[in-house]
Amino acid sequence: MRMLKAWVNGSRMLPPWLALAILLGLQAASLPFLLNIHFNNAGDIYSPADAPIIQLRESLFKEFPSDEALIALFEGDDLFSPAFLGALDRVAKKLDAHPSVDRVLTLTTIEHIDATDDGFEVALLVDPDNLTSRTPNEWKARVLGDEFAPNTLVSTDGKAVALVVRPKVLKESLARRDIAIALDAAIRDEKLDARQTATAGTVAQTVEELRSLWRDSAIFIPLTVVIGLALLWWVVGRVRPMIVGGLAMGTVVMVSVAGIVASGQPYTPITAMIPTLMAAYTTATLLHLYAAIQRGRIALLSRPKRIQRALSETFTPGLFNVLTTGAGLLSLLWVDIPPVQTFGLSGAIGTLMVFLVVFILVPPILLKWDTPRWPRRRSGLSYARRIAAAVAVFSLRNARAVLIGTLLLVLAAIPLALQLKVESNLIEFFAPEHSISRSTDRVESRLSGVTTMEVVLTAPDRDGLKNPATLAQIKALQTWLEQQPEVDRSFSLVEVIEEMNRAFSGEELGDDALPADRKLVEQLLLIYDGEDLYELVNRDFQRGRIALNLNVHGANEIGKVLARIETRLQAHPIEGIDVEMAGWGRLFSDQEDRIVEGQIKSFTSAFLQILLLMALLFRSFRGALICLVPNLAPLFFIFVMMGTTGIALDVATVLIAGVILGITVDDTIHLYHGYLHRIQRGVSPVFAIIRSVEASGRAVIAISVVLIAQFSLLGLSDFRPTAHFGMLCAVGLFAGQVFELLLMPALLGLRKPGPQAKPLPFPD
């Protein structure tokens, strides 16, 4: 306990050289990890490894190709000329040779069933070795008359042709980027870039997110540190404390990111916000310490006494700041989305690092090397002090009006908050004018939707999907699916069997081409020597799939389609067949339930943890509740803003409640800690409130400027979830400080003094 008291009152510190060595050593130890950072934003990483949809996908990948795609769209009036078709085929062959590509689908690579005298044969839709054997118009007629090509690889008017690159089952975003680069290079080599009008698909979306991640990291991390340094200079007016602050920020950021790498977790668009958060939080914590040192300068204390008193004033609230902020971040572990959980855990560990750096390592460095005098009053804190004091006086004089006005404002805004929606929409992750958004719109206007989903059909036995009765039920389901407005196109083994039967019979069977005899089905399949069929059914004919192309992208809309399909299957089950929903659309839709459940659990967890920690600090549940009230208000108005602007609760904005609650409560702890400290010394409640707000509030305002500026940087990202997170955090922090300075004095002014003034857990 004696050693603890020594740390708290600042009389015992590390040797300066040792503190500096530890600071630099942490940076040096982090560097190898930073050089091996693992960027990845593949769709699968946003679902737990043991999630049913992931398990189903993994089992499907053993038998069927990936449902991801990179789509290149070409437009023109000469798309069936030998020159274009030859160039298109050469691009396809180049991409097909890429180690990460499973198959390339285009006019010269997919199969077509032709009738023959002996039955039928499987040939290429367009034979790249015999392009002059038909005229361009004949090739066009053959392609448009195919069962599968129109609206998938060619527009119905023949003026748009697609090349679809289907990757192997990939776990890494970098491999997807390599495919995109290879596609662009092949198109340029064949001089088809003039005809290319769009690049879309899930692979293209992932690549754009990755590029946005790189841009944001390269721009925002340095700018965040620069802004932090600039504001430290504004507050302190001293070069050496600013440099020490830069070392502190750099250390915390580097260690936090290194921790992500060391734990084997990928660096995602979600975890990419950790550096900004840690730099901002380090700056905020430093400002509390620097503000206390500044107060010692004003009191004409010597340098050692200034630092000792600053530690004595800030150590205990600083410790609980770290604990409450860490609690807010740890609450994100309740959100069952791995990158969100990594963000929470890494952020919580980062806050502990902030405490170590700011309260253990920085003070001895300042004591040794920051020898020149600090400006007595000419700093940013001087201006903030007057603002804080003026707001506190206003709040005390109008305490009841402030509280009633806040309550009425909250009640009036409840309908707006209820408009908050939960949504994840891949296309809306970027602005409408972004290239990926425009490309997706272009592809979907000429062909079918790019969102994929699968109806997985599993029979109990081998050859179970050769049963004509089962095939008829699958056809009925597929016919119903194509009647749904969200479904542009569907594919199944039924269509291939029907096409074979039409060619084999030599008769006009029309839509009634499905064989009713099992022996005929088996005969057709025996003759079939192609490969395209086995992308829709395995070779045991025990598991198959209906592949869907949807024209919607949001989790809500996809969820409605899924619910409708499940209702249809309950009413009209396929006898003896187990039916499951899979695919990219299902993967994306499943996030919605995890986000809602996780948000409720994480907020409840954060609230209870922070309440208990403050009750421990202040030895009063009543005092803890008083402190939490001003910090709940900004969360409410964040939800109001989201409801009114249409910003949805998604994988990024689900972070905000834990982050904002954890950060804003820090200032409350400092203010209330100072208030109780003065009450214990016999200061009158009114004067204690004003002096506490004057002392802590000036730092609060300065910290608000720092945090708002640093989080606002993220609002400039072209990746909308990141931009929304940054903008809403900035708004929440601004609202938090407004309510802090308005509500806390009002609440304390109406509270009766006396019993609440109890000893603090740690000595001052």
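Values quoted throughout were computed directly from the atomic coordinates according to the rules given, and no laboratory measurement underlies them. What you see is a predicted model, and the numbers here were worked out from it, not measured in a lab. Please note: Cβ atoms are built from the backbone with ideal geometry, for glycine as well, and neighbour counts cover all protein chains shown.
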Which one, Pro745, Ser173, Ile349, is farthest towards the positive end of the dipole of the chain when Lys and Arg carry +1 and Asp and Glu -1 on their Cβ?
Pro745
Candidate aspartates and glutamates - alpha carbon under 18 Å from Lys421, same-chain residues fewer than 8 apart omitted:
Glu557, Asp590, Glu592, Asp593, Glu597, Asp650
Karplus (6.51, -1.76, 1.60) ³J(HN,Hα), θ = phi - 60°, over the range 411-416, in Hz, Gly and Pro reported as x:
4, 5, 8, 4, x, 5
Convex hull of the chain built on C-alpha atoms - directionally averaged projected area, nm²
36.8 nm²
From the phi of every residue in the range 554-570, what ³J(HN,Hα) in whole Hz does the Karplus formula 6.51 cos²θ - 1.76 cosθ + 1.60 yield, where θ is phi - 60° and glycine or proline is x?
x, 4, 5, 5, 5, x, 5, 5, 4, 4, 5, 5, 5, 5, 4, 5, 5
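Can you compute the FRET efficiency between Ala563 and Leu144 using 1/(1 + (r/R0)^6), with r the Cβ-Cβ distance and R0 = 22 Å? Round to the nearest 0.05. Walk me through the numbers on the way to the answer.
Values: r = 35 Å, r/R0 = 1.61.
That gives a FRET efficiency of 0.05.
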Going by how many other beta carbons lie within 10 Å of each one, how would you line up Thr351, Thr152, fewest first?
Thr152, Thr351
Going by a ≥ b ≥ c, the root eigenvalues of the Cα gyration tensor, does the range 69-200 fall in the rounded group (a/c under 1.5), the prolate group (a/b larger than b/c) or the oblate group?
prolate
Amide H within-cut-off set for Arg103, under 5 Å, with H built and near neighbours excluded
Arg166
Quick one: which residues, 5+ away or cross-chain, put their amide H under 5 Å from the amide H of Ala42? H built at 1.01 Å from N.
Ser173
Need the list of aspartates and glutamates near Lys519 for cross-linking: C-alpha distance under 15 angstrom, and skip anything on the same chain fewer than eight residues off.
Asp463, Glu498
List the pairs from Lys94/Lys191; Lys466/Lys560; Lys94/Lys159; Lys171/Lys191; Lys62/Lys168; Lys94/Lys168 whose alpha-carbon separation is above 21 Å, in the order I gave them.
Lys466/Lys560; Lys94/Lys159; Lys171/Lys191
Extension length gain for Arg215 and Asp529 (0.36 nm per residue less Cα distance), in nm, is 108.2 nm
Got a sec to turn the phi values of the range 720-732 into Karplus ³J(HN,Hα) couplings, 6.51 cos²θ - 1.76 cosθ + 1.60 with θ = phi - 60°, whole Hz, x for Gly and Pro?
4, x, 5, 4, 5, 4, x, 5, 5, 4, 4, 4, x
Most exposed first, judged by fewest Cβ atoms within 10 angstrom, Phe80, Phe637 run Phe637, Phe80
The set of residues whose placed amide H lies less than 5 Å from the amide H of Leu125, leaving out same-chain residues fewer than 5 positions away, is Ile110, Glu111, His112
